[in-house]
Amino acid sequence: MTATQTEPRPAATDEPILSLRGIEKSFGAVHVLRNVDLDVRLGQVTALVGDNGAGKSTLIKGVAGIHGFDRGEYLFEGKPVTVHNPRDANDLGIEVVYQDLALCDNLDVVHNMYLGRELTSSGLLDEATMETRARETLNGLSVRTLQSVRTPVASLSGGQRQTVAIARSVLWNSRIVILDEPTAALGVAQTEQVLALVRRLADKGLAVVLISHNMNDVMQVADDIAVLYLGTMVAQVKTSEVTHNQVVELITAGQTSDGKFGTKGADA
Amino acid sequence: MSAQTEAQTEDVTTEHQSLGTVFSDYRTRVRGGDVGALPALAGVVVLAIVFTILSGNDFTNAYNFSNLILQGSAITVFAMGLVFVLLLGEIDLSAGYTGGVCAAFVGKLMNDHGFNWVPALLGGIVLGALVGLVIGLLVSRLGVPSFVVTLAFFLALQGILLLMTGAGGTIPYRDSHILAIMNKNMPLWLGWTFAAVTVAAFAALGFTRRLARARAGLPTPTLLVWALKSVAFTVVVIAATAYLSKERSRNVFLASLKGVPIVIVIVAGLLVFLTFLLTRTAWGRHVYAVGGNAEAARRAGINVSRVRISCFMMCSALAAVGGVLLASRTNSVNPTTGGTDTLLFAVGAAVIGGTSLFGGKGRVLDALLGAAVIAIITNGMTLQGQPQGRVYMITGLVLLLAASVDAVSRRRAAATGRV
């Protein structure tokens, strides 16, 4: 099934940590994902792009275990795994930062980073350890924009909130971090900060999946670009091998005008 | 990059925060709209001064002081329970009558079934928790708004209480232990021991927490802050204990009346225990999380409906305790025990103390401070010989004031980006 895929594969730097093969998903009569392949590698930023309704969210929610795929292989470190719910995905080391960030405004940075997974010692919250580790994680990501980890999240700027949400996702020895439109609501300077943070995550050896509408962000930070077009993966290419325009053509038409990339209506 | 990281590390682990820093931090917080207990504390002080000027010794004498405590304690316990529900952004209108019905149940167990006071009291608390369980299930599983569910329970429980007591009837409380709660004082030595233990525990707790932070290399306020807090707390506790240890009987030969009222132990114990639950356990953290952003809590893996149900159970169980306190004070349960203004005063107390009706913000201590404000108004105005109508009007005004302070500070908080 996957053999018929004709898109040029970039030479793999190493084996992908996450591979999807021949993924199918329908909601009732609507066929949302058709025969989708995706490879995600450690140490790389894989951008997932596509127009509205292309199936990006559906694909990501399937990876995160929010809903299952109808058909297809879900390979983690080369082995097939089943992910039924978000917990399964978390156990594999897959964390998703959703667009709305899912932070509690009335709690401070440390509380939010440990929300739902509080550290306890003999039944009591271990505030000192949580605060120390939260600081370490933030320092490790070279986050210098936070004044204090004890300020309520409500008092933070959009970029800072994004930072907290991302830091929370890497706190748990995660291997794959999926970021849903992390820069959509940010100004120029804050976008730069968050993109730098995204790059650092990959440089620290994590696999990062970046969903974005912003081509500049994608071209700037991604190693790999996967393009969804009407539910099919028309191309997954190295950023260095494509131009800005080619990516836009892939998103809007499913293939580049020179016919170099993409296969309209997907093969098979 | 590593140089930056190091600079950062030095930056954030400034070992000691001086007194000045702590104070200016606090001032910034208050200016930013995070007023905390300040309005309620100011209310207590201002009201105390006003009534002292108006009534003089009538208000300030030791007898009235202990009276004030007895009047406020039941509302405090009801309000403590409501804090849990308010933290979720929900409401429990039935708490008052839940207390009444549970108190009647306790009375029936003791009178008709020969139960000892301990199992009877536990039975009442369990009954309260069951009521809370049903309310919680209806709210979280069925999705009926808590306002409607608890309004229905308010009406139904009122009916049940009426059936249990019989129209115009009462269920008498005869057990000396339960009656002692609101009618007896501790012996002087026990009162002082209790005060000493409280002070020592307060100081020790503050010190060990500071030590734990310092050991973990986290920024810690200087020792002076701890010392000042401990001294202030000690002074207040000692002054109150000394005042309550004075003879306050009008006729010493008839009956001596001195010592710390027993109910204080219950209120203080609940205050410590519930504060501990809310601030030191994962469950407490989840309560705040659900109140702040239920969807975020759900995605973080918190069982939101279980948290909701547990809060309603907590509220109703505490209402049962409050109901027994009311019955202990009047020596019986009647059809209006926990009725009339009990519930509204309790909600008012929580809000005056600084708990938000929008959820996510509040402390157990708020219940105590707010109840103190309400008790002082009622007590002081009654001493002035003011009609009950005016007492209600002033209480309403103060509640409005408190809610306005909350709204204004919320707006300021939004402007400066604080909650």
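The numbers here are math on the coordinates, done by the rules we state, and not lab data. Keep in mind it's a predicted model, so treat the numbers as computed, not measured. Don't worry about glycine lacking a Cβ; one is built from the backbone with ideal geometry, like all the others, and counts go over all protein chains shown.
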- Enter the Cα centre distance for the pair segment A:207-249 and segment B:285-300, rounded to the nearest angstrom. 35 Å
- Stick to the Cα atoms of the protein assembly as shown, pair each with every other, and give me the Kirkwood hydrodynamic radius in Å at one decimal. 28.6 Å
- Of the listed peptides A:83-92, B:132-141, what is their order by residue-averaged count of other C-beta atoms within 10 Å, with the highest listed first? B:132-141, A:83-92
- Acute angle (nearest 10 degrees) that the helix A:158-170 long axis makes with the longest principal axis of chain A, alpha-carbon atoms: 80 degrees
- Message: Highest mean first, how do B:354-362, A:146-154 rank when packing is the count of other Cβ atoms within 10 Å averaged over residues?
- Response: B:354-362, A:146-154
- Query: Assuming R0 = 56 Å, what is the FRET efficiency of residue A:243 and residue A:148, from their Cβ-Cβ distance, to the nearest 0.05?
  - Reply: 0.80
- Note on the structure: Each residue of B:121-127 has, on average, a number of other protein chain C-beta atoms within 10 Å of its C-beta equal to 0
- Cα-based Rg and Dmax for segment A:137-238, in Å, come out at 14.3, 46
- Note on the structure: Mean other chain Cβ within 10 Å across B:208-215 is 2
- Using Cα pairs under 8 angstrom and six or more residues apart, how large is the relative contact order of chain A, in percent? 27 percent
- Item | Calculated Rg and Dmax of chain B using C-alpha coordinates, Å | 22.7, 82
- Under 1.5 on a/c is rounded, so check that first for segment B:82-136, then, if it is not, pick prolate when a/b is larger than b/c and oblate when it is not; a ≥ b ≥ c are the square roots of the alpha carbon gyration tensor eigenvalues. prolate
- Taking chain B as the reference, fit the longest principal axis to its C-alpha atoms, fit the long axis of helix B:95-113 to the helix C-alpha atoms, and give the angle between the two in degrees, 0 to 90, nearest 10. 50 degrees
- Task: Please determine, in degrees from 0 to 90 and to the nearest 10, the orientation of helix A:244-253 with respect to the longest principal axis defined by the Cα atoms of chain A, where the helix direction is its Cα long axis.
- Result: 70 degrees
- Enumerate the amide H contacts of residue A:96 below 5 Å, restricted to partners 5 or more residues apart or on another chain; note that Pro and chain-start residues carry no placed amide H. A:178
- Task: For residue A:203 paired with residue B:215, estimate the spin-label separation in nm (one decimal), with each label point 7 Å from Cα along the Cα-to-Cβ line.
- Result: 3.7 nm
- For segment A:1-150, calculate the relative contact order in percent as a whole number, restricting contacts to Cα pairs under 8 Å that are 6 or more residues apart. 18 percent
- Query: Between segment B:203-246 and segment B:324-346, what's the alpha-carbon centroid distance in Å?
  - Reply: 36 Å
- Query: What is the spin-label model distance, in nm, from residue B:280 to residue B:180 if the labels are put 7 Å beyond Cα along the C-beta direction?
  - Reply: 2.8 nm
- Message: Below 8 Å, C-alpha to C-alpha, sequence gap of six or more: please give me the relative contact order for chain B in percent.
- Response: 36 percent
- Message: As an exercise, use a Förster radius of 22 Å and the Cβ-Cβ distance of residue A:119 and residue B:30 to find the FRET efficiency, rounded to the nearest 0.05.
- Response: 0.10
- Across B:289-302, the residue-averaged tally of Cβ atoms belonging to other chains within 10 Å stands at 6
- Note on the structure: Note: segment B:185-258, point scatterers on Cα, Debye, no solvent; log10 I/I(0) at q = 0.13, 0.17, 0.18 Å⁻¹ equals -0.52, -0.71, -0.75
- Rounded to the nearest 0.05, what FRET efficiency do residue B:227 and residue B:331 have when you use their Cβ-Cβ distance and R0 = 41 Å? 0.35
- Please build a GNM for chain B, connecting alpha carbons under 10 Å apart, and tell me which residue among B:293, B:334, B:183 fluctuates the most. B:293
- Task: Please build a GNM for chain A, connecting alpha carbons under 10 Å apart, and tell me which residue among A:43, A:55, A:205 fluctuates the most.
- Result: A:205
- Given chain B, what count of lysine pairs have C-alpha atoms under 24 Å apart, with each pair 8 or more places apart or on different chains? 5
- Please give the contour-minus-distance gain from residue B:46 to residue B:21: 0.36 nm per residue of separation, less the Cα-Cα distance, rounded to one decimal in nm. 6.2 nm
